[in-house]
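Colleague: I'd like to ask you about the structure that follows.
The values are calculated or read from the model by the stated rules, or taken from the named source; none is laboratory data. Not measured: the values here are computed from a predicted model. Cβ sites come from the backbone with ideal geometry, for glycine too, and all protein chains shown count toward neighbours.
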């Protein structure tokens, strides 16, 4: 299924590459011993190094190196045992050194791959060009004063991993799937918390359009979009803008643009108008970052099972569809929840309950899996009640509703509300007899060959028993009585 | 009582140990000398109260039997070292009034070892210069005079440090050397200056000029003094990623006076066209002295020497252009901002007003050689030539223990000379820059006088982290040369 | 021989964030051209197969433990600032 933009002159394909900045999980900053905690008083998590005082020098945090390598391994990427830190030179109020220490031509991680799980259950592979370590900038605040901006350097020097994709993405949905997957991977790894709304994961999107099969067009970079949904929107809006410009006889100018989610448009950034020339060169305060195979294999040993492997296992061991398995592994917490529910039970039934009922209810209530009122243990018990014929699937849905409301134990709910399934043949037979007696004409229709009518009888009997009759028994007994 | 300011560091150390005088007396004598020589403008900031306080504390420490290696010895600190609570300017207007909240590693070590700070010595702005005429706080005047009596430059960039030591305004001084900034002024002022191996002294807390070249070192009256002081400045520092994790040897113990059987290399490429006869002669005399002391003198070749200056004047400005980006009027230092100015206006005005001409030139050259389209032709090319220069030395040190060469192509020149043409000024660094590019230890010591009666220095260059050999050979050369001349007014 | 024109110097001056007057540009163009001429001789050096030398330190990067050892010195961070407010550095309004 190819995504195209239908222009007035024909179809256009979009080409997207994403640059994602992930804040590395670490206690202290990339090159200083100041804390990385969020939300402290302005300029309190700042060392003299972060404030770029004269003569201050950077010393690298080994944990940030480890986290970058770990992420690289998670992206099945090439780990570069020798990498180099370079200075990216530009002036900005929240960049105290006048340069950002980053990696340029020798990043710590090289080429890798991300497998996207698309909504239709298909997969697509997107190349990772590189991952490198760099310093975050401070924060400029513009609304404190009409004439001045305020600068807080608490974030200045916090480690970021910049993960750059190849321009393999061809639709907003793929961009969304890429970000979802990347976020899942870093969260599984514990290398970044992935919270886009708090800025610990930020995305720049390079967007261009072209006629299918033709070379890449000129791209525009949309900076700092802070949710997956907005990235998808921004890409679509930007691509459409580009099509309009080209079809209107214009030309795309390579530039940096901002996405305004309120107005639903992208616009060129004013501060980026003056052409940049970053003058990258190896940072003479630092030496090449070199480690050996043992360093990498130590990290490799700590890798958890990642989404792709987990997905494959769920499909293989639990017989799940690619789609269901993909949904379950999208977040580690979801997969963990599912595994508790599925343990010792029918994996497919468990997946149905978790995905359809639980996720449906959580989405409606806008709560995450961590805050689910229904514990995995209780959902497991509910499934047990179905499997051992204590309640019917229909009753189970009612019980689940109550569990969502109250967080209660399903066994107790069934007990208290008297929802146990009727499996007593006599009781079911008498209910059947009642229905048969009241509908002789319909009985005749069935006997004349209209077997479909049986379903109607089942429904009536269930209704007559308040849904508690065992539907299998009802079916069999009805058949015996009418057709037997 | 002898004039305490005429003592060497070693003599003063021993005198203090014997109880001949106190640190307070020693310090007061130097403060008095500073008063008397204020015309030389060797200090940007004098810290007499702090000095007395430190001297008192030192005397008390000594009384408790806790004397350090530099205990009670008053020194000048080049105003490129950040000193806690004491204005640190790098001789630039842009840092006027800046009071660091921290102490550089090197000064911390010196103070921990008991040294007393007399003040912050003048220098070329951001250590960029060879004449100490680019300081915002005025020129430093060399205590030596030629026959015309004109004011001469002390050399640079550590010109204030060199003048202070030569005029007995400090027993010793810290310097920093990026392309010759310790050795060249030492030569011009008739004192000893040592640039140790890159990585020997921590750069933490020293205002950076060119990070891959900057090294702190001692500027002293004798080779022994240099050995003593270097021992207190050197050592691994985890706060500087380029600091070498090596033990500090007992440098003073290296002064055995015995260089018999050592091989001393004479690089033929240093005998440049137009080298003044007196420099050439000085060098030859030095060769003879070492040979007489039992060393074997051999010719070596350093084929890429002639490209060292060009390499240096690309690499150093490139690093400087980036290192000096932090002086933006935002977090410290001078800010120029008028009503309605944008952030860029503030940057551009503050930096235009805050940096002097030479600093501006170097920032811009550095910016240019790193900019898109020129990086490979200039910066990267220079780094490759730098490797050639480095390899030249490595090859030479495969056969020799140390190299002997002149420190500078001339004696001190008059203030105002060589101005107006930046390149002409750069030529003063021709003999010091190669060792800087290769990160090697270099020691300059005075061995003779020019026809004008001005001191001339020779330079010894050693293998990486072999300061001991350099000092040992330097000690022998010092004895043989027996250079006793002093600037007018400072004689014996 | 490279020669810098005024426009190039203007661009470099802006990249360096140094205000230079019109007259200053011409003078700088001369000075900088002179310096570039001086370093031009490097072009004749054969550097075939030569790796750029970025540091003479024969070491690799030392790694530091991930511990919080610094910070909480707001007063020291701000003490030299020309203008502060509410614990922040203050600059002319930045437009994005």
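Colleague: Among (1) exposed (fewer than 14 other Cβ atoms within 10 Å of the Cβ); (2) at pLDDT below 90, which single condition is residue A:401 missing?
Modeller: Only one criterion is unmet by residue A:401, namely (2).
Colleague: Filter the range C:1-33 down to the residues that are surrounded by fewer than 18 Cβ atoms within 10 Å (Cβ to Cβ) and farther than 24 Å from residue A:278 by Cβ and list them by number.
Modeller: Those that are surrounded by fewer than 18 Cβ atoms within 10 Å (Cβ to Cβ) and farther than 24 Å from residue A:278 by Cβ: C:1, C:3, C:21, C:22, C:23, C:24, C:26, C:27, C:30, C:33.
Colleague: Also, I was wondering about something else. Scan C:25, C:15 and give me the residue that is in contact with a helix residue (DSSP H, G or I) (Cβ under 9 Å, 6 or more places away or on another chain), within 8 Å of chain B (Cβ to nearest Cβ) and closer than 17 Å to residue B:366 by Cα.
Modeller: C:15
Colleague: So, one more: It is to be established whether one or more residues within the range B:290-305 are within 14 Å of chain A (Cβ to nearest Cβ), in contact (Cβ under 8 Å) with a residue 40 or more places away in the chain, crowded, with 17+ Cβ neighbours inside 10 Å and not in a loop (DSSP other than H, G, I, E, B).
Modeller: No, the range B:290-305 contains no residue that is within 14 Å of chain A (Cβ to nearest Cβ), in contact (Cβ under 8 Å) with a residue 40 or more places away in the chain, crowded, with 17+ Cβ neighbours inside 10 Å and not in a loop (DSSP other than H, G, I, E, B).
Colleague: Hey, could you check the range B:344-371 for residues that are surrounded by fewer than 24 Cβ atoms within 10 Å (Cβ to Cβ) and facing chain A (nearest Cβ under 10 Å) and say which is farthest from residue A:276 (Cα to Cα)?
Modeller: The residue in question is B:346.
Colleague: Provide a single number: the residues in the range C:36-50 that are at the interface with chain B (Cβ under 7 Å from one of its Cβ atoms) and closer than 25 Å to residue A:88 by Cα.
Modeller: 2
Colleague: Return yes or no: is residue B:404 closer than 15 Å to residue C:36 by Cα, touching a strand residue (DSSP E or B) at 6+ places or on another chain (Cβ under 7 Å) and either touching a residue at least 24 places away in the same chain (Cβ under 8 Å) or buried (at least 20 other Cβ atoms within 10 Å of the Cβ) (or both)?
Modeller: no
Colleague: Is one or more of the residues making up the range A:56-74 more than 27 Å from residue A:285 (Cβ to Cβ) and either under 25 Å from the mean Cα position of the chain (by Cα) or surrounded by fewer than 23 Cβ atoms within 10 Å (Cβ to Cβ) (or both)?
Modeller: yes
Colleague: Considering only the range A:218-257, state which residues are surrounded by fewer than 19 Cβ atoms within 10 Å (Cβ to Cβ) and assigned to a loop (DSSP other than H, G, I, E, B).
Modeller: Of everything in the range A:218-257, those that are surrounded by fewer than 19 Cβ atoms within 10 Å (Cβ to Cβ) and assigned to a loop (DSSP other than H, G, I, E, B) turn out to be A:218, A:226, A:227, A:248, A:249, A:250, A:251, A:252, A:253, A:254, A:255.
Colleague: Output yes when any residue across the range B:212-224 is assigned to a helix (DSSP H, G or I), crowded, with 24+ Cβ neighbours inside 10 Å and touching a strand residue (DSSP E or B) at 6+ places or on another chain (Cβ under 6 Å), and no when none is.
Modeller: Yes, there is a match, as at least one residue in the range B:212-224 is assigned to a helix (DSSP H, G or I), crowded, with 24+ Cβ neighbours inside 10 Å and touching a strand residue (DSSP E or B) at 6+ places or on another chain (Cβ under 6 Å).
Colleague: Could you list all residues from the range A:260-303 that are away from chain B (no Cβ under 14 Å), at pLDDT 95 or above and in contact with a strand residue (DSSP E or B) (Cβ under 6 Å, 6 or more places away or on another chain)?
Modeller: Scanning the range A:260-303 gives a single hit, A:296.
Colleague: I've got another one for you. Would you mention how many residues in the range C:51-96 are over 26 Å from the mean Cα position of the chain (by Cα) and within 7 Å of chain B (Cβ to nearest Cβ)?
Modeller: Going through the range C:51-96 one residue at a time, the tally reaches 0.
Colleague: When you check residue C:2 against the structure, is it more than 30 Å from residue A:154 (Cβ to Cβ), at pLDDT below 95 and at the interface with chain B (Cβ under 7 Å from one of its Cβ atoms), yes or no?
Modeller: Taking the combined requirement at face value, the residue does not satisfy it.
Colleague: Looking at this structure, is residue B:89 touching a helix residue (DSSP H, G or I) at 6+ places or on another chain (Cβ under 6 Å) and closer than 26 Å to residue B:351 by Cβ?
Modeller: Judged against the criteria, residue B:89 is a match.
Colleague: I'm trying to understand the selection: among the residues of the range A:16-46, which are away from chain C (no Cβ under 13 Å) and either part of a strand (DSSP E or B) or within 30 Å of residue A:168 (Cα to Cα) (or both)?
Modeller: Within the range A:16-46, A:16, A:17, A:18, A:19, A:20, A:21, A:22, A:23 meet the criteria.
Colleague: I need a count of the residues in the range A:54-68 that are facing chain C (nearest Cβ under 8 Å) and without any contact (Cβ under 8 Å) to a residue 60 or more places away in the chain.
Modeller: Residues that pass the stated criteria total 3.
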